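Okay, so here's the structure we're looking at.
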Amino acid sequence: MRFDVRLTAGAQRDLEDLHAYLARHDSPANAERLLDQVLDIAESLAEAPERGAIPGELAALGIQDYRQLFFKPYRIIYRVIGKTVFIYLIADGRRDMRTLLERRLVGG
């Protein structure tokens, strides 16, 4: 069964911010290449979305609904609802992920 993969508005902003940062601090070509790679990984969730692990920061809060894939140092946080994979967050894993996840996904 193939799943539909969708970026939330927050994940879309994450990609735009990441692209802008890399284009400014590295090069536009590297920013484009990274964006393509992240989108390829996201789209791969259409085939096997359950393969991702539950983020430890959320598991510690008793939240088991979200999963993650790594594209070091980036983390793609998503949730499967029915036949759709919703990507909620794409962020550098070196950030304070607990606070970021609580703010974005838990509303804390």
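The values are calculated or read from the model by the stated rules, or taken from the named source; none is laboratory data. This is a predicted model, so every value here is computed, not measured. Glycine also receives a Cβ, built like all others from the backbone with ideal geometry; neighbour counts cover every protein chain displayed. Just the protein is used for accessible areas: all its heavy atoms, side chains included, with ligands, DNA and RNA removed. Shrake-Rupley method; radii C 1.70, N 1.55, O 1.52, S 1.80 Å.
Return only the number of the condition from (1) open to solvent by less than 20 Å² (accessible area, probe 1.4 Å); (2) out of contact with any helix residue (DSSP H, G or I) (no Cβ under 9 Å at 6 or more places or on another chain) that LEU89 does not satisfy.
(2)
Which residues, taken from the range 20-33, are within 28 Å of VAL106 (Cα to Cα) and at pLDDT below 95?
Scanning the range 20-33 gives a single hit, TYR21.
Give the number of residues within the range 71-85 that are on the phi < 0 side of the Ramachandran plot, surrounded by fewer than 19 Cβ atoms within 10 Å (Cβ to Cβ) and modelled with pLDDT of 95 or more.
Residues that pass the stated criteria total 5.
Could you tell me which residue of the range 6-17 is farthest from VAL106 (Cα to Cα), considering only residues that are of a type in the set (A, V, I, L, M, F, W, C) and open to solvent by 30 Å² or more (accessible area, probe 1.4 Å)?
Among them, the one singled out is LEU7.
How about the range 41-68: which of its residues are among the acidic types (Asp, Glu) and outside any loop (DSSP other than H, G, I, E, B)?
Selection gives GLU43, GLU50, GLU57.
Contact list please: Cβ distance under 7 Å, first residue in the range 5-27 and in a helix (DSSP H, G or I), second residue of a type in the set (Val, Ile, Thr) and buried (at least 16 other Cβ atoms within 10 Å of the Cβ), pairs at least six apart or on different chains.
Cβ pairs passing all conditions: ALA11/ILE87; ALA11/ILE90; ASP14/ILE90; LEU15/VAL38; LEU15/ILE90; LEU18/ILE90.
Find all pairs meeting these conditions: Cβ atoms under 9 angstrom apart; at least six residues apart or on different chains; first residue within the range 47-61 and closer than 17 Å to PHE71 by Cβ; second residue surrounded by fewer than 10 Cβ atoms within 10 Å (Cβ to Cβ).
Every condition considered, the pairs that remain are GLU47/ARG2.
For the range 90-97, indicate whether the set of residues that are more than 21 Å from ASP4 (Cα to Cα), without any contact (Cβ under 8 Å) to a residue 12 or more places away in the chain and either out of contact with any Ser or Thr (no Cβ under 6 Å at 6 or more places or on another chain) or basic (Lys, Arg) (or both) is non-empty.
Yes: the range 90-97 contains one or more residues that are more than 21 Å from ASP4 (Cα to Cα), without any contact (Cβ under 8 Å) to a residue 12 or more places away in the chain and either out of contact with any Ser or Thr (no Cβ under 6 Å at 6 or more places or on another chain) or basic (Lys, Arg) (or both).
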